[in-house]
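Asks: I have a structure I would like to understand better, so I am pasting it below and will then ask my questions one at a time.
The values are calculated or read from the model by the stated rules, or taken from the named source; none is laboratory data. Nothing here was measured: the structure is a model prediction, and the numbers come from that model. Just the protein is used for accessible areas: all its heavy atoms, side chains included, with ligands, DNA and RNA removed. Shrake-Rupley method; radii C 1.70, N 1.55, O 1.52, S 1.80 Å.
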Amino acid sequence: MSMFGTRPHSPPPGVLSTSLEDLILPRPQRISLDGKTLYLSRGGISTADLLCDPGAQGSEATAVAWLRRELRQMHGWEALNSKFARVHLVVGVTKPGSAAQQGAERLHMIAPERPESYALHVDSDCIVLVANDGIGLLRGVRTLVLLLMKDRYGELSIACGEIEDWPELP
């Protein structure tokens, strides 16, 4: 049993991580990265927009604000106007008619049902982070931020794949 519950973890104690999945702590319940990379900038210029619910409140609004701040301060990234974007970053709590709900439906994602849960999907042209509630969205944003990296040319990127997480204990 790992210190994070019954989920398998690797590598064994004393051995450095060799995969990106090992760097995400606490380890999500389900994680599947496909080895591909999505770039959020080219030539130092953003290629993505950020779509979220403009009426977000409470923890949801906090999560979106935190993501914007992390992208701007840590990576120097600003969202583009949607009509110029090649990549769409959709973030929010799944509510009828919300950008998060529409993004999840477009990808045939199953919206998280458990409290404090989230699902993250990254593919060749979009990132969709949906959550059951604001706390789940905060947890998802934390994971999303951990996956962001700059390559040796300074381009902002993220690993493609799917992650789902929820609290292990009720």
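Asks: Which percent of the accessible area of the chain is formed by carbon and sulfur heavy atoms (probe 1.4 angstrom)?
Replies: C and S fraction of accessible area: 55 percent.
Asks: Solvent-accessible area per residue for segment 109-158 at a 1.4 Å probe radius, Å²?
Replies: Normalised by residue count, the accessible surface of segment 109-158 is 41 Å².
Asks: Would you work out the relative contact order for segment 83-170, in percent, from Cα pairs under 8 angstrom that are 6 or more residues apart?
Replies: Once normalised by length, the contact order is 28 percent.
Asks: Based on Cα positions only, what radius of gyration and what Dmax would you give for segment 42-170, in angstroms?
Replies: 13.9, 46
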